[in-house]
Every structure is written in C-alpha cells, then in structure tokens.
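The values are calculated or read from the model by the stated rules, or taken from the named source; none is laboratory data. Bear in mind the structure is a predicted one, so any value in this text is a computation, not a measurement. Positions of Cβ are generated from backbone atoms using ideal geometry, with glycine treated the same way; all protein chains shown enter the neighbour counts. To get the accessible areas, we keep the full protein, side chains included, count just its heavy atoms, and leave off ligands, DNA and RNA. Shrake-Rupley method; radii C 1.70, N 1.55, O 1.52, S 1.80 Å.
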Amino acid sequence: MIRVKLRQLQEGCILAEDVLGKTKKPIMLKNTVVTSTLLNILEKFLIEEVCVEPVLANGEPFRPTELPEAHHDGSISNEHSISLYLKAVQKYKKAFQSWQSGFPIDIAEVRNMIIPLLDKFIHNKRELLILYRYATDEDYLYHHAVSVGLLAGFLAKQMDYSRGGCYQIALAGVLSDCGMAKVDKRLLIKRSALTASEYKEVQQHTIFGYRMVQKITALKQGTKLAVLQHHERIDGSGYPFGIRGQQIHPYSKILAVADMYHAMTSERLYRRKQSPFKALEKMQIEQFGKLSMEAIKVLLDQLANFQTGTVVKLSNGEIGKIIFIQPEEPTRPIVKLANKEKFLSLSEHRDIYIEEIIH
C-alpha cells in the first residue's frame, strides 16, 4: 500500500486502511473507492494523509503526483491481492471483447488469469467475500465473471473437492457468462429492466457459452455442463431446459450459488446492491428447494464466522460490537451499540441487519 497526502488522491483510488476522524471513529472504511464527493468529505474532516492501494479501481496503476515512500503489503505476496484481482478483471474484459469480435476462447489465457488468483485468495477469505465492493455498474459483467470463478473455486475447496476439481469449477465460473459475448451488445448496457423478449434473448447466453467451450479439451465435461446449467434450479424452475434435481451437475449447483451471491451484492445498471448478510438470508428463504442449501450454508458459515467482540456496521448506520452469537441464526447476533448502554438482538429486529464487518 501507499501513504499519500490528500492532494495526491484522485477518483478511483482504493483506501487500504480505515480513515479515522479526530475522535478515532472511522469516517471511511478500508476498500472504499474514492469519488469526488468522498474527496470533499475528507477535506471537510481535515484529513491530511490516507493509505491507498497501488492500483486504481479500473485496474490501472496509481501514480501519485509526488511519489511517496511505498512498501509492499506482505499479507499474500509482493503484490496485493486486490491489485491482482483488478488486473484480472481488465484481462477478462479484453478477452470478452475479443470473443465479441469472433475470436475463440484461449483457455491457456483464461487459466493463467484465474488459477494463480484462486491460489492466493483461497487462503484469504475475508477479502474474497468482499470482492463485490469493487464491481462498478459499467464493468459489472467483467467483475462478475472473475468473482464468480473465485467464489465457486473457494466453495468447492470448503466442500472438500480435489485441487483439480476446484480449478475446474473456478474455470466454469469465469467462463459461465462467456456466451454473453454473443448477445446483442445493447442489452448488456441497458440501464432499465429487460422486457420479456429481451430477457429471453439473454437467457440464450448459457447455450451460446456451452457451444463456445464444447470442444475445449482442457475442460472436463462437468465444467462445460456448469457453463450450460448454472441457471438451472433443483425444482425445475430454471433455464435453459428446466431440468431438475440429479439432472443438474454438482459443479452447476455450486456455480449457481456463487453466481447469485455476487449478483445480489453488486452494484448493477438497473439494481442496487444488497448487504451480503441480507443477500444470504434471502437466498436461504427464497431459494429453498431451488439452490443447493449445502453450498449456501458453506458460504454463510464462512461469511458469518464471527467472534465475540467483532465490530460491525448495521444497516441503520449504527456501529456495534457482537456480544452473543445465536447458533441457529449466525447472521443475527446480539450487538452492543457503540457509545450506548443499549443491546440490540437482530433476531428480534428483522428490519435491521449487518451491513459489513469493520474489524
């Protein structure tokens, strides 16, 4: 990470640490992408210096006007995981644009994009589970592909798949929407909800994608089926064929959970993002009988692996500390609100939920 003066900041910078005010309360949280509005807020709070990542949200390197003393974040490697992720998104974007132009999938390029990244993120679940923060509405499709690949590979690891199986599932994830390259470009950038006929056309992306990967010998048949089936549902309500239960490959079921989690928690052209905790609660209830409850539970257990004392931000803006975790509802603990002698049981206040973990 790099420590810079406020005047060196620019839009697209990513905060590498929480920004604290004079009272030591966080003004902005780590991983926030800086906008012009946020720059003004930092100025008003008289912030002089902040720590940022060495790469911008668009994947380009951040070169401050005055080069400060920089040092490597050694949590994973000499290059921070988020920097590697953003670069992978830009690589995927270029590959996707080549597919739109009619070029075939270069599977070696795709493997080199996702496999080293999975190897790094698989041991860093905290950053993996908040990748949705970096998805912009304009580049959502590219962020979605890389994130779903990483999430699916991570879930497979937690579900005791072999190393090779995890890699194949990750490849299925990053290629799950490759067929979108054959869909009308106007539908990919439409800022309003799709009409019934437009939605039907977009649904064809699974078939287009299967055709694109069908003859790639480096991919297992289950991986190819996952590209085709990741929108199928166990009760037969999915697409493109409405198959059900055991007709759906296990890879596809894992992919479906990763796909929906990232879609619900990301900013999109026509839909606001949701808290990951709220998203998983909704998935448990609304997708019961449709998605793999095993995969959802694994994701929930990894995300809500709280400890007593964990500080969280709630959906009503309050900051609190977890004092008791309820095993039957891990996303709804009892929280002591900051600077108040008040306790809040989230299981009794269903309209309030955890927005994010602070530390």
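For beta carbons closer than 9 Å, sequence separation of 6+ or different chains, a first residue in region 239-259 that is open to solvent by 40 Å² or more (accessible area, probe 1.4 Å) and a second that is basic (Lys, Arg), the qualifying pairs are Arg244/Arg233.
Starting from residues that are without any contact (Cβ under 8 Å) to a residue 24 or more places away in the chain and hydroxyl-bearing (Ser, Thr, Tyr), keep the ones in region 196-214 and report whichever is nearest to Lys182 (Cα to Cα). Checked region 196-214; the qualifying residue nearest to Lys182 (Cα to Cα) is Tyr199. Under the condition of being of a type in the set (Gly, Ala, Ser), closer than 16 Å to Ser252 by Cα and assigned to a helix (DSSP H, G or I), the residues counted in region 276-309 number 1.
Each row is one residue, and each column tells you yes or no for (1) assigned to a loop (DSSP other than H, G, I, E, B); (2) under 23 Å from Asn124 (Cα atoms).
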| position | (1), (2) |
| --- | --- |
| His143 | no, yes |
| Ser147 | no, yes |
| Glu201 | no, no |
| Arg211 | no, no |
| Leu219 | yes, no |
| Gly222 | no, no |
| Gly236 | yes, no |
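The set of residues in region 303-315 that are under 15 Å from Pro276 (Cα atoms) and surrounded by fewer than 16 Cβ atoms within 10 Å (Cβ to Cβ) comprises Asn305, Phe306. Among the residues here, Gly164 qualifies as among the small types (Gly, Ala, Ser), part of a helix (DSSP H, G or I) and open to solvent by 10 Å² or more (accessible area, probe 1.4 Å).
The combined condition, being at negative phi and open to solvent by less than 30 Å² (accessible area, probe 1.4 Å), is fulfilled by His230.
The residues on offer are Lys321, Lys340, and the sole one that is more than 15 Å from Phe277 (Cα to Cα), open to solvent by 30 Å² or more (accessible area, probe 1.4 Å), free of Cβ contacts under 8 Å to residues at least 24 places away in the same chain and in contact with a Ser or Thr (Cβ under 8 Å, 6 or more places away or on another chain) is Lys321. Are any of the residues in region 268-279 in contact with a helix residue (DSSP H, G or I) (Cβ under 8 Å, 6 or more places away or on another chain) and aliphatic (A, V, I, L, M)? The answer is yes; a qualifying residue exists. Does at least one position in region 16-25 carry a residue that is open to solvent by less than 20 Å² (accessible area, probe 1.4 Å), modelled with pLDDT under 85 and in a loop (DSSP other than H, G, I, E, B)? Looking through region 16-25, at least one residue is open to solvent by less than 20 Å² (accessible area, probe 1.4 Å), modelled with pLDDT under 85 and in a loop (DSSP other than H, G, I, E, B).
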